[in-house]
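Worksheet: one structure, shown below.
The values are calculated or read from the model by the stated rules, or taken from the named source; none is laboratory data. The model shown is predicted, which means the values in this text are computed figures rather than measured ones. A quick note on method: Cβ atoms are made from the backbone with ideal geometry, for glycine too, and the neighbour counts reach across all protein chains shown. Accessible surface is based on the protein model in full, side chains and every heavy atom, while ligands, DNA and RNA are left aside. Shrake-Rupley method; radii C 1.70, N 1.55, O 1.52, S 1.80 Å.
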Amino acid sequence: MRHDKAAMVIDLARRMAASAEGLSLDEIARDMRVGRRTAERMRDAVLMLFPQVDEVSDPPSKRWRIRGGLSAFEQAPTATEMLELSKAATALRAAGEPARATALEGLERKLKAAMRSTTLNRMAPDLEALVRAETIAVQAGPRPSADEAMLTAIRAAVLAQQPLGFTYSRPGAEPRRRSVAPCGVMFGRANYLVAADRETGRIQTFRLDRMSHVAPQEGMAVPPADFDLGVFASQSFGIYQDEIEDVVLRIAPEGAAEARGWRWHPTQSFEDQWDGGVIVRFRASGMRELAWHLFTWGEQVQILAPQRLKAVMASELAAAGRALERASA
């Protein structure tokens with residue numbers, strides 16, 4: 001227990017050092033998942049161990065921060081933390097994301113370079129053993145990609161609130177030059193730029209692998225004030241955005257346990273059935289991607305609503321049937 005408390009105090013010190021504005025007592029209690037009195041005791045322990053803590057007045061409360069960071073002793077990462085960083089880089093590279101993988105690999109090198117040689121030597125055997133013992137299962141699917149220069153241009157335009165210009169090529173259509181107000185990037189089965197039309201403010205998505213000649217432009221292009229990328233992304237089952245509808249699925253008893261442990265959507269809820277099955281409810285758009293996913297559940301899933309999802313599923317089944325007939329002919 002004493003070791004646990006010491007670890008929590010060190011963790012709190014790291015959080016104070018990582019926050020530019022500092023942490024209030026309420027934020028300490030929330031982040032450390034403790035009551036206010038415990039938060040006060042933990043703050044006092046940090047003040048005693050780290051005299052460089054600054055107290056910042058932020059009426060009606062106060063904040064505490066550690067300026068200048070912590071020493072290498074307090075900041076030394078564990079073998080598990082380094083393993084997860086290495087695995088994340090490997091997963092990105094396997095998924096066709098070399099630019100993002102390179103960024104994490106660079107961070108890993110910087111961390112190791114900042115560590116004391118004795119700490120690094122002590123960690124090396126454990127890290128090597130864990131790397132051999134764990135791997136990432138490669139799943140079938142598209143390989144999203146975005147080169148480093150493109151991501152750099154997009155991020156520069158987002159930070160400077162400048163228009164972003166690029167040439168967009170859709171299958172079967174002539175390439176078209178676009179100029180938009182960039183809002184951010186969604187990474188997933190395919191990577192998408194999320195941007196607002198500069199005239200109407202309408203939010204649109206553009207696949208990065210269909211974009212070329214990407215560069216910030218002169219002027220200002222501010223996204224809509226009420227736009228939230230996280231909320232926008234959570235509305236869809238996948239990436240595609242269309243009409244948001246109430247989805248109701250019935251999962252058979254043999255698949256109910258897996259369904260309850262599945263993350264269907266941020267708005268999901270479950271309703272147990274008398275026979276051991278479960279009804280899953282959520283509000284989402286992206287019926288086509290949802291239909292593709294439901295294929296993997298086979299006979300275990302029944303679509304109760306909406307009607308459009310049933311129609312999309314029927315259309316996809318028919319298309320798959322025609323493809324199978326052509327292959328058999």
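Overview of values
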item	result
Among Glu128, Glu148, Glu27: highest mean-square fluctuation, GNM of the chain, C-alpha pairs under 10 Å	Glu27
Extension gain from Arg36 to Ala160, taking 0.36 nm per residue of separation minus the Cα-Cα distance	40.7 nm
Difference of contour (0.36 nm per residue) and Cα-Cα distance, Thr102 to Val231	43.6 nm
Label point distance in nm, Thr90-Ala20, each placed 7 Å from Cα along Cα→Cβ	3.5 nm
Simple label model, 7 Å out from Cα along Cβ direction - Ser315 to Asp246, nm	2.4 nm
Pairwise Lys count, the chain - Cα closer than 29 Å, eight or more residues apart or different chains	4
Length released on extending from Ala113 to Glu148, taking residue separation times 0.36 nm less the Cα-Cα span	10.2 nm
Distant-in-sequence amide H partners of Gln161 (H built 1.01 Å from N, under 5 Å)	none
Euclidean distance of C-alpha centroids, the stretch 181-206 and the stretch 49-119, integer Å	30 Å
1.4 Å probe accessible area per residue over the stretch 190-329, in Å²	57 Å²
Longest to shortest principal axis, alpha-carbon extents of the stretch 198-329, angstrom	62, 45, 23
Kirkwood Rh, Cα atoms: Rg over Rh of the chain	1.03
Orientation-averaged projected area, Cα convex hull of the stretch 1-118 (nm²)	9.4 nm²
Kirkwood estimate for the stretch 250-294, i.e. one over the average of 1/r between Cα atoms, Å	11.1 Å
GluC sites (Glu not before Pro) within the stretch 206-288, DSSP loop, no more than 14 other Cβ atoms inside 10 Å	Glu218, Glu243
Sequence of Asp31, Asp272 from largest to smallest accessible area, 1.4 Å probe	Asp272, Asp31
List Lys5, Lys310, Lys62, ordered by accessible area with a 1.4 Å probe, largest first	Lys5, Lys62, Lys310
Near-label residues of the stretch 88-116 by backbone N, under 20 Å of a point 7 Å along Cα→Cβ of Glu81	88-90, 103-116
Of Phe227, Gly261, Leu12, farthest towards positive along the dipole that unit charges on Lys, Arg, Asp, Glu beta carbons give the chain	Leu12
Within a Gaussian network of the chain (alpha carbon springs, distance under 10 Å), most fluctuating of Ile28, Ile251, Ile303	Ile28
Met8-Ser57 FRET efficiency (beta carbon distance; Förster radius 25 Å; 0.05 resolution)	0.45
Sequence of His265, His213, His293 when ordered by accessible area, the most exposed leading, probe 1.4 angstrom	His213, His293, His265
Spread of Cα-to-Cα distances over 10 Å intervals beginning at zero, given as percent, for the stretch 272-326	20, 50, 23, 6, 0
